[in-house]
Amino acid sequence: MPKGSGEPAERRAIVAQPAERGAVVEPPQRGGVVVVDKPAGLTSHDVVARVRRLAGTRRVGHAGTLDPMATGVLLVGVGRATRLLGHLALHDKDYLATMRLGVTTSTDDAQGEPLARTAAHHVGVADVVAVMKAFTGEIEQRPPAVSAIKVDGVRAYTRARSGEDVVLAVRRVTVTRFEATAFRPDAELGVLDVDVEVTCSSGTYIRALARDVGTALGVGGHLAALRRTRVGAFDLSAARTLPELETAFTLTPLDAVAASAFARRDLDAEQALAVSHGAKLSASGIEGEPVAAFGPDGALVALLEDRGEIARALAVFVG
């Protein structure tokens, strides 16, 4: 995704000391994004709850859910920045993962119950690489039955855990990079662990990649470990652990987030005022993605989207 020019967002972060128990920390008026290095064992909602306490506001949300077993980059929005989250979640992402070939599970990851075992420690490296290549590019992927996707208003995982046979519709996703970095056969367990690096579009399930690679090889497979290293413009270099945030609460301001994550359009005072009052502008000339529009003072005015010859506001951040 295009990035705004200037100093990296992580260097322009606001740091505030955490509140004493029962006190309230006032976040910057326009809010911002906390880049959290999520630990294993917590849900994304658990992290949001921690940030709410540190930020002193309930207006907190997250972009791009990480399962409890996963670690790494989780974008948490505070204040007005929550209105950016749906757009930030659409950016491409990087992962480090371990596929365990030879065991299928009920959830397609290590948290599920084992369903079947097939000796896989003998599977050849060349065979794995060839199958992984088939799952690179624009592919059709069936999301795991145990997922947050809604079916007739009910989460798929709720239906699956109640005993319903859930088969979700396939979706088109893009896997830009899917490369193996290590192979670790274990004859005693009968499995082959494959460390991989993945770059993919929003909506891609790494669990499903592990499952489908195992299926294609005839031995089954599941995701044994997952770490997200990047979401759009934000990677682990900008991330802070929860203990670090407890010591010094770090918030990347809204304007810096937008400048880093989206293509930029600078407005004059008249245009900025017009957009803040709901007026449309001429097209930005960038189709297929939001454009961050900034006023003369450098503040984010709106996210714009081209519709033909007109740019309309997806969200307004002033007024």
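Can you tell me the FRET efficiency between SER106 and GLU179 if r is taken as the Cβ-Cβ distance and R0 is 22 Å, rounded to the nearest 0.05?
Details: r = 28 Å, r/R0 = 1.27.
The calculated FRET efficiency here is 0.20.
Given the options LEU267, LEU254, LEU189, which has the most mean-square fluctuation in a GNM of the chain, springs set between C-alpha atoms less than 10 angstrom apart?
With Cα springs under 10 Å in the chain, the top fluctuation among LEU267, LEU254, LEU189 is at LEU189.
Between rounded, prolate and oblate, where does region 260-319 land on the alpha carbon gyration tensor, with a ≥ b ≥ c its root eigenvalues, rounded for a/c under 1.5, else prolate if a/b exceeds b/c?
Values: a/c = 1.68, a/b = 1.25, b/c = 1.35.
Here region 260-319 falls in the oblate category.
Can you classify region 156-223 as rounded, prolate or oblate using the Cα gyration tensor, where a ≥ b ≥ c are the square roots of its eigenvalues, rounded means a/c under 1.5, and otherwise it's prolate if a/b beats b/c and oblate if not?
Details: a/c = 2.59, a/b = 1.28, b/c = 2.03.
Note, shape of region 156-223 comes out oblate.
PRE reach from MET69 (point 7 Å along Cα→Cβ): which of region 115-153 fall under 19 Å by backbone N?
Hits in region 115-153 for MET69 at 19 Å: 115-121, 142-149.
Using Cα-only point scatterers and the Debye equation, what is log10 of I(q)/I(0) for the chain at each q in 0.12, 0.13, 0.16 Å⁻¹, rounded to two decimals?
-0.89, -1.00, -1.27
Gap in Å between the Cα centre of region 202-216 and the Cα centre of region 110-183?
Computed from Cα coordinates, the inter-centre distance equals 3 Å.
For the pair ARG52 and ALA216, what calculated FRET efficiency results from E = 1/(1 + (r/R0)^6), where r is the Cβ-Cβ distance and R0 = 41 Å, to the nearest 0.05?
On the way: r = 43 Å, r/R0 = 1.05.
Between ALA216 and ARG52 the formula returns 0.45.
How much length, in nm to one decimal, is gained on full extension between VAL154 and GLU309, taken as 0.36 nm per residue of separation minus their Cα-Cα distance?
Numbers: separation 155, 0.36 × 155 = 55.80 nm, distance 3.90 nm.
My answer for the length gained is 51.9 nm.
Tell me the per residue accessible area of the chain using a 1.4 Å probe; a whole number in Å² is fine. List each step's numbers first, then the result.
Values: 15010 Å² over 319 residues.
That works out to 47 Å² per residue.
Run the numbers for LEU115 and ARG171: contour at 0.36 nm per residue of separation, minus the present Cα-Cα distance, in nm.
Values: separation 56, 0.36 × 56 = 20.16 nm, distance 2.48 nm.
Here the segment from LEU115 to ARG171 would lengthen by 17.7 nm.
Which value results for Rg/Rh of region 230-293 when Rg is the Cα radius of gyration and Rh the Kirkwood radius based on the inverse mean 1/r? Working shown, then result.
Working: Rg = 16.1 Å, Rh = 14.4 Å.
Taking Rg over the Kirkwood Rh, I get 1.12.
Given a 1.4 angstrom probe, I'd like the percentage of the accessible area of the chain that is carbon and sulfur, rounded to a whole number.
Details: 7400 of 15010 Å².
Heavy-atom surface of the chain belonging to carbon and sulfur, 1.4 Å probe: 49 percent.
The values are calculated or read from the model by the stated rules, or taken from the named source; none is laboratory data. Bear in mind the structure is a predicted one, so any value in this text is a computation, not a measurement. A quick note on method: Cβ atoms are made from the backbone with ideal geometry, for glycine too, and the neighbour counts reach across all protein chains shown. Quick note on the areas: whole protein, heavy atoms, side chains included, nothing else; ligands and nucleic acids left out. Shrake-Rupley method; radii C 1.70, N 1.55, O 1.52, S 1.80 Å.
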